[in-house]
Amino acid sequence: MQKKDSIGRWGEQVASTYLCKNGFTLLGKNFSCRTGEIDIIARDTKTNEVVFCEVKTRLTAHAIHGEDAVNWYKLTKMKRAAQWYICKYKLERAFARFDVIVIERKNTKSASLRHLRNV
């Protein structure tokens with residue numbers, strides 16, 4: 001389990017760096033409430049949307065692609081957690097969207113990243 005957690009944390013760090021370099025402002029990481037959790041919350045400075053991101057990190061040998069692991073059930077839990085976040089931080093007037101960032105680690109020196117917007 002520890003290896004899986006460290007790969008996930010590494011992927012979230014890569015995703016955070018990517019978002020910052022591409023015009024996003026990080027608002028939070030690993031937000032958790034009783035209805036679910038969200039890996040990264042950011043503001044897209046180009047559209048002013050609050051973006052709730054699920055990060056999926058995979059080793060290339062993994063059989064299931066990261067985006068395939070984000071199913072209806074996971075999205076429902078993300079939406080419920082996002083509602084808590086929006087209420088907690090009084091963002092009711094903000095536009096929101098849900099993104100998935102998939103990172104496939106090829107070896108210790110390279111990885112590919114796909115950013116799926118508005119899933």
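The values are calculated or read from the model by the stated rules, or taken from the named source; none is laboratory data. The shown structure was predicted, so the numbers you read here are calculated from the model rather than taken from an experiment. Backbone-built Cβ (ideal geometry, glycine too); neighbour counts: all protein chains shown.
Within segment 83-97, is even one residue β-branched (V, I, T) and either closer than 19 Å to R9 by Cβ or touching a residue at least 24 places away in the same chain (Cβ under 8 Å) (or both)? First the steps, then the outcome.
In the first step, residues of segment 83-97 are kept if they are β-branched (V, I, T); the result is 86.
Then drop every residue that is not either closer than 19 Å to R9 by Cβ or touching a residue at least 24 places away in the same chain (Cβ under 8 Å) (or both), which leaves 86.
Yes, some residue in segment 83-97 is β-branched (V, I, T) and either closer than 19 Å to R9 by Cβ or touching a residue at least 24 places away in the same chain (Cβ under 8 Å) (or both).
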**Report entry** Criterion violated by S112 - all others in (1) within 14 Å of the chain's Cα centre (by Cα); (2) of a type in the set (S, T, Y); (3) assigned to a strand (DSSP E or B) satisfied
**Finding:** (1)
Report summary line: Among strands (runs of 3 or more DSSP E) completely within segment 15-81, the ones holding 3 or more residues that are among the charged types (D, E, K, R) and either buried (at least 18 other Cβ atoms within 10 Å of the Cβ) or at pLDDT 90 or above (or both) are 36-44, 49-59
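Looking at this structure, is D5 acidic (D, E) and surrounded by fewer than 12 Cβ atoms within 10 Å (Cβ to Cβ)?
yes
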**Report entry** Single residue of K109, K77, K29 found to be touching a residue at least 24 places away in the same chain (Cβ under 8 Å) and basic (K, R)
**Finding:** K77
